[in-house]
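> First the structure, then my questions, so here it is.
The values are calculated or read from the model by the stated rules, or taken from the named source; none is laboratory data. Only a predicted model underlies this, so the values are computations on that prediction, with no experimental measurement involved. Heads up, the Cβs are rebuilt from the backbone with ideal geometry, glycines too, and the neighbour counts pull from every protein chain shown.
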Amino acid sequence: MIDFEPGEEQALIIETVHAFAENEIRPVCREADEAGEPPASVVEAAHELGLVANSLPEAHGGGGERSAITGVLIAEELAWGDMAIALAVLSPGLLGYPVADFGSDSLQSEILPGLMGDSFVPGSLAMVEPRFDFDVLRPQTTAKKDGSEFLLDGVKCQVPWLEGLRHVVVIAADDEGLAAFVLPCGIEGLSTEAELKMGLIGLPTVELTLSSVRVDASARLSASDADIRRMIDRGRIALAAAGVGTARASFEVSRDYAKERETFGQPIATRQAIAFKLADMAIEIDGARLLVWEAAAALDRGEDAARLARLAYDQTMRVALTVTDGAVQVYGGHGYIREYLPELHLRNVAGFASFETLTLL
Amino acid sequence: MIDFEPGEEQALIIETVHAFAENEIRPVCREADEAGEPPASVVEAAHELGLVANSLPEAHGGGGERSAITGVLIAEELAWGDMAIALAVLSPGLLGYPVADFGSDSLQSEILPGLMGDSFVPGSLAMVEPRFDFDVLRPQTTAKKDGSEFLLDGVKCQVPWLEGLRHVVVIAADDEGLAAFVLPCGIEGLSTEAELKMGLIGLPTVELTLSSVRVDASARLSASDADIRRMIDRGRIALAAAGVGTARASFEVSRDYAKERETFGQPIATRQAIAFKLADMAIEIDGARLLVWEAAAALDRGEDAARLARLAYDQTMRVALTVTDGAVQVYGGHGYIREYLPELHLRNVAGFASFETLTLL
Amino acid sequence: MTIDFELSEGSKLAQAHYHEVALQHMRPVSRKYDLAEHQLPTEWVDYWWNEGRFAFQDKMAPTDGFVTICLQAEELCWGDAGLYLRMPTPALGGSAVSAAGTAEQRKQFMSAFREEGGHPIWGAMAITEPQAGSDAAAIETTADFDAETEEWILNGTKIFCTAGEGASTADGGFIVVWATIDKSAGRGGIKSFVVMANTEGMELIGCEKKLGIRASDTATLRFDNCRVPKENLLGSAEVRKKDPSKTGDKGFKGAMATFDASRPIVAAMATGVGRAALDFLKEELERQGVEIRYDAPPRELTAIERDVIEMEAELQAARLLTWRAAWMMNAGKRNNLEASMAKAKAGLAVTKITQKTVQILGPVGYSKKLLVEKWMRDAKINDIYEGTQQINQLIVARRILDYPSAMLR
Amino acid sequence: MTIDFELSEGSKLAQAHYHEVALQHMRPVSRKYDLAEHQLPTEWVDYWWNEGRFAFQDKMAPTDGFVTICLQAEELCWGDAGLYLRMPTPALGGSAVSAAGTAEQRKQFMSAFREEGGHPIWGAMAITEPQAGSDAAAIETTADFDAETEEWILNGTKIFCTAGEGASTADGGFIVVWATIDKSAGRGGIKSFVVMANTEGMELIGCEKKLGIRASDTATLRFDNCRVPKENLLGSAEVRKKDPSKTGDKGFKGAMATFDASRPIVAAMATGVGRAALDFLKEELERQGVEIRYDAPPRELTAIERDVIEMEAELQAARLLTWRAAWMMNAGKRNNLEASMAKAKAGLAVTKITQKTVQILGPVGYSKKLLVEKWMRDAKINDIYEGTQQINQLIVARRILDYPSAMLR
């Protein structure tokens, strides 16, 4: 039965997360963008909400309530506060969800409790590679079986690398297709170089080089090629939700600015060119959000969501860019100044085409 | 030395042709669209202007003043009156220019004078084929050498077929690549079926079937594969000019309508949504026109204009569709009624993607 | 109660049923009545009157309410939007009566549409006037009360009245006419009146020749001292000087409310036309051996693949916005904003989708051998009627900015 | 005299020369001064002051006048738009003096920029105010005449003053400040005044942190009883109550005229940034073995091929509109409409082109290892300053509709 209203529990979660985004995240988003990392305080505070923990298995101390719909609702609200910080506070899921879904019991016991301890421990997933023609389904990073071990070689980029990171999930191609490995950050042969990028600066990322990294077969998750494709779908849908949240933030601040800012003695919001631009923003944002919800609902029903994920991701990419660019326009000269939010929103979504799995559900 | 002003002679031609388009073509454009052919009177009247004759060789009674720039200026003005009628009155060029450029003396003597006689004689060129993936450079219509003759087989579409047509130029692939043949309309094995299409209804066209059409080698023009590619460039540039003229007509009528039509006691042109739409139309039309001029200038300098032709053609296709669709929007409900021009303009440019060589320079 | 995109059993049955109807009874005569403009599409009208309107009842199962109605509109307009608008139903006239009428009025005017047998009849709504456009306050058609005969006397001209020929000429049908009973009161004076078919003083001037939906009778009607009994007034006769959309006047508000109900349906109709084009394009591409790779990286896609994927996303966004607006009516929520969002998005999306489809298909897309060119012409109406793109943007803008109409025109 | 797209010899030499300058002196420090925001780019400034400004003179040949100036702007902004705006030149201040000043004033204020040696100096124009935005009539900075000392006393605050740091602090430079000598007269009271660098009462508050063009000093300046001799007023001191843009007042009109001269240059700057991105993309694609087939049928193109071809068309359209507006100045034609057309088109086109380029290049496009992401940030300014996209649409709309500003705001 068609229904567009979040359940009571979901509504409560939205309310809580929105309040957090408004009171804790939004006020420090500029600081994080200039500093190149999120303030530790906000990350810890978010950790207390247990947003990721709540979706991890009860067996290891989690809430055991994994829901893609709830996940996208949370991602949108957090990203409404700030996309970079949202991805940072959700990063434990980059490690936790794959391990929970495809990790051996011992691996789960080794890793999951650590993600749900008293203080925040980030996670990371290395998917994207630094090539203009990178194809997420055909990584050039390889994993060669060598007896009871694997040998990993390749270069990854846009790998979240937050303070205190212990493990990173690396996607590579082995003889069975796509495969995922859990590596300790300190493992021999793994080196990192901090990345400078246009946006998402508040989320520190690295270029990750793997030269003959030797890991035991137990480090390989049981995820099949198909499983990892589904993981990519989950990532795209989650990221799309974050894009919707960013676009919504940009829409709201520019709407408010347009009502305050006066020219020729009238608020610029009374000019059709501005008013209609805002109207289109609102329409497109709602449209993209519904695509995201539909894709998430498909995930929760256990259906193949590849196509819906692609539609939601691509649509959000277009909408987020148009909306944030439009917000800069609405602000006029001030839109170009780092004192106001639109330029930050624009930078944060400009790389959407290659963000892929910067967050998971 | 950069200059954006037509020469004195060109200015005079524009003035004359515009007056003709305004007084003779525009008043009958709706009639032609409903009737499926241009009124004979307007075609004859246009013939008197000698627009095509003026560009044909002096040796055969023409003006010998072939200029791509002048050609696009004329095409824009005529199409400003009506695109279908413009293509009809310019159709002698579809036969005359290829014959003048690549025909034997005898063929020229046989055909050209007829195009410059007392009364209008149309021409035609069969290029496009009825396939969604038609590639103008790889026609499936073939010409097989058979002794001193050629055997032509294939199907063409969007072939102009006006009252009194005597010869049609057919583009086919022979063993040397693209080749052009001049066929009498009555030749054995050539059959036609009248086409019904969304727009350009005022220009009657047919689907042309060639089944083992046997012609003497003398019917093959000397045009090389490269020559015909250049012919295609000339067609695209000419057509782009017609597209610019159509878009300009749509812009002008909707601008005037917007100044007359009142809602809430004010002309709708005073609303930014309408005013800015009109402004964008004006900007895009001028931009497209300059691309057309630049491409035509390259032709007149004898340079390879393939790239510029493509840019001009594609840009005009986008602009013409956006502008005519926008004009319908400006008219609101009236834009959907066949009593007003925008819907006609929209239909006329909607097929632009495949018009290719419906006119030449 | 939570977010859910699964259609109910009844909705799925409806979808399947009306898709079949579209295939069997609309597509076969689609081109015929595009060419034979204004001719009554008897095959379709008779089918609907004699069978179609009853055909689905036996299949009844829990539906999604208004969403299911949108599904019907989408499927039937996937069949043919022009024929859909020519269906013998109360249409917008019915919506007006339902929204603003009393129980008696609903019974009096609507029951004929439920009776078996008889000849086909239509309902319609007449709002637009030659000078007024989308500006309801500028309505010049007048309604004067004759206290003696207790009748309202209508005078004026209406244009763009969809189904106006059928509704004005087939006995038993009716047209809801917007008129002012007090010009000085502006919108406050505007009321709607039910005028039965063939009422003396109502004259059918003719039908518009249009870009598309040529099977649809878009009528011009003249009212020359056309008398209707006072019972045919929908809502109260009281005139409020304040903008009635702010007051409780069920007359104008009710009339306006019909848009909140009809816009999602129009959006669904648009979606249907757009889907017709997109479905055909995808089938044709498949026939041509062109595959759409949803999992290929953006940088490896062909132009056509990206176009198709974008068109699918745009169409689905429009559809979901439509379903949301319709679902809100089930839930009894005010959907004025969401209905305009859906209408604005769907109208624009399908205009672009159908235009793009014509382009991609090249010469065959432009030819009347296929229906693609017709779908492009039909689709455009959705960007125009029931409030143009601009009107709906205006409504959305006012709502999101919380501006009264006076602040944003 | 006829339509001609061939550049003159001098123009071609200029193109080649400034392209070399961009390659040798701008690109190498482009990233450095993007990261070191507001730091004086000494390599570039010193080069320009000591060599650059004289380097081309010996190559003199018949040029295309203003078109050639646009070519310079395009090439140098292909190098780096931020550094271009930091060039020690009279810039917009110079345009204002040339347009509205007397021969003496031109000599007095501009000559220092032509003298050899000395230290680098800048010219600038200060119009925008915290509350005014693009609304010139709302300017609140006042200029009062002190009859005793025959000086104008300026009071107010200016923001978004490009090159404002250099022009206000390097002796010999100057800023043209817009101020009103009669608030009640609206635009009629607005005059422009030349304020020499380091004039007492003019204070540099600071520079804006921006999305892009970070090498450019976008200054905020406060004027606190800042006194300038009466000779520094550009144009007449007479106040016309009528909208001066309709009268002969060279003061305001001249000030406005500077936009007609500067907008084509801004459009050319935009084109340069957009071309930097497009050139790089095409080179990168070539390195990757991706060919752009200009002769392939639309239906066979890859998404990237179509993107590139469309970007080329958009960029070229912007460039030609720019050249036309500049050529009109050579021809002494009023180019107010065409200048705004070029500005509006170029600003929007390059915003989209650079954003698209970032997308196509994926992770590498988003990284600061390349300049592509910087070009996207730099390009956006062209959609905003010298009149936003919307302001230029407004100007174009008024002109094509022949509406006075009062009818279309």
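> Check off (1) more than 14 Å from every other protein chain (Cβ to nearest Cβ); (2) closer than 25 Å to D:Ser367 by Cα for D:Glu74 and give me the number that stays unchecked.
Failing condition for D:Glu74: (1).
> Considering each residue of the range D:135-176, count those that are assigned to a helix (DSSP H, G or I) and at pLDDT 95 or above, and give that number.
Count: 6.
> Pairs needed: first member in the range D:1-28, closer than 20 Å to D:Val45 by Cβ and away from chain B (no Cβ under 14 Å); second member anywhere, modelled with pLDDT of 95 or more and surrounded by fewer than 16 Cβ atoms within 10 Å (Cβ to Cβ); C-beta distance under 8 Å; at least 6 residues apart or different chains.
Final answer for the pair search is D:His25/D:Glu43; D:Pro28/D:Glu43.
> Related question: Would you mind telling me which numbered condition in (1) more than 30 Å from B:Val170 (Cβ to Cβ); (2) without any contact (Cβ under 8 Å) to a residue 60 or more places away in the chain; (3) β-branched (Val, Ile, Thr) B:Ile268 fails?
B:Ile268 satisfies all of (1) more than 30 Å from B:Val170 (Cβ to Cβ); (2) without any contact (Cβ under 8 Å) to a residue 60 or more places away in the chain; (3) β-branched (Val, Ile, Thr) except (2).
> Considering each residue of the range C:367-381, count those that are over 11 Å from C:Thr357 (Cβ atoms) and among the β-branched types (Val, Ile, Thr), and give that number. Reasoning before the result, please.
Start the filter on the range C:367-381 by keeping residues that are over 11 Å from C:Thr357 (Cβ atoms), which leaves C:367-369, C:374, C:377-378, C:380-381.
From what is left, the residues that are among the β-branched types (Val, Ile, Thr) are C:381.
Looking only at that region, the number is 1.
> Can you give me the ranges of the strands (runs of 3 or more DSSP E) entirely in the range D:190-236 with at least 1 residues that are surrounded by 24 or more Cβ atoms within 10 Å (Cβ to Cβ) and either hydroxyl-bearing (Ser, Thr, Tyr) or in contact (Cβ under 8 Å) with a residue 60 or more places away in the chain (or both)? Outline the logic, then answer.
Numbers: elements: D:190-196, D:202-207, D:218-229.
Those strands (runs of 3 or more DSSP E) span D:190-196, D:218-229.
Conditions (1) in contact (Cβ under 8 Å) with a residue 24 or more places away in the chain; (2) of a type in the set (Phe, Trp, Tyr); (3) in a helix (DSSP H, G or I), marked per residue:
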| residue | (1), (2), (3) |
| --- | --- |
| D:Thr63 | yes, no, no |
| D:Glu75 | yes, no, yes |
| D:Arg106 | no, no, yes |
| D:Glu115 | no, no, no |
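> Could you grab me the full set of residues in the range C:367-389 that are free of Cβ contacts under 8 Å to residues at least 24 places away in the same chain, surrounded by fewer than 24 Cβ atoms within 10 Å (Cβ to Cβ) and facing another protein chain (nearest Cβ under 7 Å)?
To start, the set of residues in the range C:367-389 that are free of Cβ contacts under 8 Å to residues at least 24 places away in the same chain comprises C:367, C:369, C:373.
Checking the rest, the ones that are also surrounded by fewer than 24 Cβ atoms within 10 Å (Cβ to Cβ) come to C:367, C:369.
Within the range C:367-389, C:Ser367 is the sole residue that qualifies.
> Out of all the residues in the range C:328-340, which are buried (at least 24 other Cβ atoms within 10 Å of the Cβ) and hydrophobic (A, V, I, L, M, F, W, C)?
C:Ala339
> Restrict the check to the range D:316-330 and report whether at least one residue is modelled with pLDDT of 95 or more and charged (D, E, K, R). Show your work before the answer.
Going residue by residue through the range D:316-330, those that are modelled with pLDDT of 95 or more are D:316-328.
Still in the running and charged (D, E, K, R): D:319, D:324.
Looking through the range D:316-330, at least one residue is modelled with pLDDT of 95 or more and charged (D, E, K, R).
> Ok, one more. Please go through the range D:286-318 and pick out each residue that is acidic (Asp, Glu), farther than 17 Å from D:Ile353 by Cβ and within 8 Å of another protein chain (Cβ to nearest Cβ). Write out each step before concluding.
Filtering the range D:286-318 down to residues acidic (Asp, Glu) leaves D:286, D:291, D:295, D:300, D:305, D:307, D:310, D:312, D:314.
If we keep only those that are farther than 17 Å from D:Ile353 by Cβ as well, we get D:286, D:291, D:295, D:300.
Listed by number, the residues that qualify are D:Asp295, D:Glu300.
> Which numbered condition in (1) assigned to a loop (DSSP other than H, G, I, E, B); (2) of a type in the set (A, V, I, L, M, F, W, C); (3) at the interface with another protein chain (Cβ under 9 Å from one of its Cβ atoms); (4) without any contact (Cβ under 8 Å) to a residue 12 or more places away in the chain is the only one that D:Val364 fails?
All conditions pass for D:Val364, except number (1).
> Which residues, counting only those in the range A:188-229, are among the aliphatic types (A, V, I, L, M) and surrounded by fewer than 16 Cβ atoms within 10 Å (Cβ to Cβ)?
Pass one, the range A:188-229, residues among the aliphatic types (A, V, I, L, M): A:190, A:194, A:196, A:198, A:200-201, A:203, A:206, A:208, A:210, A:213, A:215, A:217, A:219, A:221, A:223, A:226, A:228.
If the condition is that a residue be among the aliphatic types (A, V, I, L, M) and surrounded by fewer than 16 Cβ atoms within 10 Å (Cβ to Cβ), then A:Ala194, A:Leu196, A:Ala217, A:Ala226 are the ones that fit.
> Testing A:Leu51 on (1) without any contact (Cβ under 8 Å) to a residue 40 or more places away in the chain; (2) touching a Pro at 6+ places or on another chain (Cβ under 6 Å), one condition comes back false. Which one is that?
(2)
> I want to confirm something. Restricting to the range A:296-329 and keeping residues that are over 21 Å from A:Ala350 (Cβ atoms) and more than 11 Å from chain C (Cβ to nearest Cβ), which single residue is surrounded by the fewest Cβ atoms within 10 Å (Cβ to Cβ)?
My answer is A:Gly302.
> Look at the range B:82-132 and say how many of its residues are among the charged types (D, E, K, R) and in contact (Cβ under 8 Å) with a residue 60 or more places away in the chain.
Of the residues in that region, 2 qualify.
> Still on this structure, please answer the following. Is it the case that C:Ala326 is within 10 Å of chain A (Cβ to nearest Cβ), part of a helix (DSSP H, G or I) and over 21 Å from C:Val358 (Cβ atoms)?
Details: within 10 Å of chain A (Cβ to nearest Cβ): yes; part of a helix (DSSP H, G or I): yes; over 21 Å from C:Val358 (Cβ atoms): yes.
It is true that C:Ala326 is within 10 Å of chain A (Cβ to nearest Cβ), part of a helix (DSSP H, G or I) and over 21 Å from C:Val358 (Cβ atoms).
One line per residue, one yes/no per condition, for (1) crowded, with 21+ Cβ neighbours inside 10 Å; (2) within 14 Å of chain A (Cβ to nearest Cβ):
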{"site": "D:Ala112", "(1), (2)": "no, no"}
{"site": "D:Thr141", "(1), (2)": "yes, no"}
{"site": "D:Phe160", "(1), (2)": "yes, yes"}
{"site": "D:Ala167", "(1), (2)": "yes, no"}
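> If you scan the range C:367-409, which residues turn out to be of a type in the set (Asp, Glu) and part of a helix (DSSP H, G or I)?
Filtering the range C:367-409 down to residues of a type in the set (Asp, Glu) leaves C:373, C:378, C:383, C:386, C:402.
C:Glu373, C:Asp378, C:Asp383 - these are the residues of the range C:367-409 that are of a type in the set (Asp, Glu) and part of a helix (DSSP H, G or I).
> State whether the residues of the range D:35-49 include one that is outside the structural domain of D:Asp279 (by TED's automatic domain parsing), under 26 Å from D:Ala318 (Cα atoms) and in contact (Cβ under 8 Å) with a residue 60 or more places away in the chain. Working first, answer last.
First, the residues of the range D:35-49 that are outside the structural domain of D:Asp279 (by TED's automatic domain parsing): D:35-49.
Next, from what is left, pick out any that are under 26 Å from D:Ala318 (Cα atoms): none.
Scanning the range D:35-49 turns up no residue that is outside the structural domain of D:Asp279 (by TED's automatic domain parsing), under 26 Å from D:Ala318 (Cα atoms) and in contact (Cβ under 8 Å) with a residue 60 or more places away in the chain.
> A further question follows. Any residue at all in the range A:34-48 that's crowded, with 19+ Cβ neighbours inside 10 Å, in contact with a Ser or Thr (Cβ under 8 Å, 6 or more places away or on another chain) and part of a helix (DSSP H, G or I)?
Checking the range A:34-48: at least one residue is crowded, with 19+ Cβ neighbours inside 10 Å, in contact with a Ser or Thr (Cβ under 8 Å, 6 or more places away or on another chain) and part of a helix (DSSP H, G or I).
> Are any residues in the range A:134-177 within 14 Å of chain C (Cβ to nearest Cβ), within 30 Å of D:Leu281 (Cα to Cα) and surrounded by fewer than 18 Cβ atoms within 10 Å (Cβ to Cβ), and if so, which ones?
Once the filter is applied, which keeps residues that are within 14 Å of chain C (Cβ to nearest Cβ), within 30 Å of D:Leu281 (Cα to Cα) and surrounded by fewer than 18 Cβ atoms within 10 Å (Cβ to Cβ), the range A:134-177 yields A:Asp135, A:Leu137, A:Arg138, A:Gln140.
> Now for a separate question. List the residue pairs whose Cβ atoms are under 9 Å apart, where the first residue sits in the range D:140-165 and is assigned by TED's automatic domain parsing to the domain that holds D:Val239 and of a type in the set (Lys, Arg), the second is at pLDDT 95 or above and not in a strand (DSSP E or B), and the two are 6 or more positions apart or on different chains.
Listed by first residue and then by second, the contacts come to D:Lys158/D:Thr141; D:Lys158/D:Gly164.
> Another question, then. Answer yes or no: is there a residue in the range D:34-47 that is part of a helix (DSSP H, G or I) and crowded, with 24+ Cβ neighbours inside 10 Å.
First, the residues of the range D:34-47 that are part of a helix (DSSP H, G or I): D:34-35, D:42-47.
So of that shortlist, the ones also crowded, with 24+ Cβ neighbours inside 10 Å come out as D:44.
Yes, some residue in the range D:34-47 is part of a helix (DSSP H, G or I) and crowded, with 24+ Cβ neighbours inside 10 Å.
> Within the range B:331-345, identify whether any single residue is in contact (Cβ under 8 Å) with a residue 40 or more places away in the chain, within 12 Å of chain D (Cβ to nearest Cβ) and buried (at least 24 other Cβ atoms within 10 Å of the Cβ), and answer yes or no.
No, every residue in the range B:331-345 fails to be in contact (Cβ under 8 Å) with a residue 40 or more places away in the chain, within 12 Å of chain D (Cβ to nearest Cβ) and buried (at least 24 other Cβ atoms within 10 Å of the Cβ).
> If you don't mind, there's one more thing I want to ask. Check the range B:164-180 and report whether any residue there is touching a strand residue (DSSP E or B) at 6+ places or on another chain (Cβ under 8 Å), among the charged types (D, E, K, R) and under 29 Å from B:Ser55 (Cα atoms). Can you show your working first?
The initial filter retains those residues of the range B:164-180 that are touching a strand residue (DSSP E or B) at 6+ places or on another chain (Cβ under 8 Å), namely B:166-175, B:178-180.
Add one more test, that the residue is among the charged types (D, E, K, R), and what stays is B:166, B:174-175.
Next, only the ones that are under 29 Å from B:Ser55 (Cα atoms) stay: B:166.
Checking the range B:164-180: at least one residue is touching a strand residue (DSSP E or B) at 6+ places or on another chain (Cβ under 8 Å), among the charged types (D, E, K, R) and under 29 Å from B:Ser55 (Cα atoms).
> May I pose another question? If only one of C:Lys343, C:Lys352 is of a type in the set (Lys, Arg), in contact with a Lys or Arg (Cβ under 7 Å, 6 or more places away or on another chain) and more than 7 Å from every other protein chain (Cβ to nearest Cβ), which one is it?
Among C:Lys343, C:Lys352, only C:Lys343 is of a type in the set (Lys, Arg), in contact with a Lys or Arg (Cβ under 7 Å, 6 or more places away or on another chain) and more than 7 Å from every other protein chain (Cβ to nearest Cβ).
> Just name the residue that is farthest from the chain's Cα centre (by Cα) out of those in the range A:251-262 that are facing another protein chain (nearest Cβ under 9 Å) and buried (at least 21 other Cβ atoms within 10 Å of the Cβ). Please lay out each step first, then the result.
Restricting attention to the range A:251-262, the residues satisfying the condition of being facing another protein chain (nearest Cβ under 9 Å) are A:251, A:255, A:258-259, A:261-262.
Now drop any that are not buried (at least 21 other Cβ atoms within 10 Å of the Cβ), which leaves A:251, A:255, A:258.
On the way: A:Phe251: 20, A:Arg255: 26, A:Ala258: 30 Å.
So, considering only residues that are facing another protein chain (nearest Cβ under 9 Å) and buried (at least 21 other Cβ atoms within 10 Å of the Cβ), the one farthest from the chain's Cα centre (by Cα) is A:Ala258.
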